[in-house]
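Asker: Mind having a look at this structure? Questions to follow.
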Amino acid sequence: MIEIVAWICGIMLCLGAIACVIRVIKGPSILDRVLGLDVLLLIISAGLCIDMAVNQHTDYLLFVVAACTIGFVGSVTVSRYVSDKRNA
């Protein structure tokens, strides 16, 4: 049963990843591209979490935590840089 749920989640994550890649390619601004890459990083982390749940291991947990932290810090840094640039 969990394999069926994992396949459904994987398909949904793949569709989301395709949409993120399209946003990164077509994004007219740097904020669209950064947001697309940040969501893509979280989709990869979610895929690793699904793999950990299905196979009942925690081998990728450190990467998931690091990826979420780096994604958050990167998004905040870019948004502050863009907002400072617009105010100047």
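The values are calculated or read from the model by the stated rules, or taken from the named source; none is laboratory data. Worth saying up front: this structure is predicted, and the values here are computed from it rather than measured. Heads up: the accessible areas ignore ligands, DNA and RNA and are worked out on the full protein's heavy atoms, side chains in. Shrake-Rupley method; radii C 1.70, N 1.55, O 1.52, S 1.80 Å.
Asker: If the elastic network links every pair of Cα atoms under 10 Å, which of Ser29, Ser45, Ser75 fluctuates the most in the Gaussian network model of the chain?
Answerer: Of Ser29, Ser45, Ser75, the Gaussian network model singles out Ser29 as fluctuating most.
Asker: While we're looking at this one, here's another question. When the chain is treated as a GNM, springs tying every alpha-carbon pair under 10 Å, which of Leu41, Leu15, Leu31 comes out with the largest mean-square fluctuation?
Answerer: Leu15
Asker: Calculate what fraction, in whole %, of the accessible area of the chain sits on carbon and sulfur atoms when a 1.4 Å probe is rolled over the protein chains. Walk me through the numbers on the way to the answer.
Answerer: Values: 4730 of 6430 Å².
Percent of accessible area from carbon and sulfur atoms in the chain: 73.
Asker: Between Met52 and Val65, what is 0.36 nm times their sequence separation minus the Cα-Cα distance? Round to one decimal in nm. Spell out each step's value before the answer.
Answerer: Numbers: separation 13, 0.36 × 13 = 4.68 nm, distance 1.34 nm.
Net length gain for the segment: 3.3 nm.
Asker: Further question: Kindly provide the helix-only [θ] at 222 nm of the chain, computed as the sum of -39,500 (n - 2.57) over DSSP H runs of four or more divided by all residues, to the nearest 500 deg cm²/dmol? Mind showing how you got there, number by number?
Answerer: Details: 3 runs with 78 residues, N = 88.
For the chain, the value works out to -31500 deg cm²/dmol.
Asker: Per residue, how many Å² of accessible area does the chain show with a 1.4 Å probe? Show your work: numbers first, answer last.
Answerer: Values: 6430 Å² over 88 residues.
For the chain, the solvent-accessible area averages 73 Å² per residue.
Asker: Let me ask something additional. Assuming a ≥ b ≥ c are the square roots of the Cα gyration tensor eigenvalues, decide whether the range 27-73 counts as rounded (a/c under 1.5), prolate (otherwise, with a/b larger than b/c) or oblate. Before the final figure, lay out the partial values.
Answerer: Numbers: a/c = 6.16, a/b = 2.34, b/c = 2.63.
Oblate, since a/c reaches 1.5 and b/c is not below a/b.
Asker: Right, next: Just check the range 9-50 against the gyration tensor rule for me: Cα atoms, a ≥ b ≥ c as the square roots of the eigenvalues, rounded for a/c under 1.5, and otherwise prolate or oblate depending on whether a/b exceeds b/c.
Answerer: Oblate shape, in that a/c is at least 1.5 and b/c is the bigger or equal ratio.
Asker: Does the chain classify as rounded, prolate or oblate by the C-alpha gyration tensor (a ≥ b ≥ c root eigenvalues; a/c under 1.5 gives rounded; else a/b over b/c gives prolate, otherwise oblate)?
Answerer: Numbers: a/c = 5.01, a/b = 1.84, b/c = 2.72.
Oblate, because a/c is 1.5 or more while a/b does not exceed b/c.
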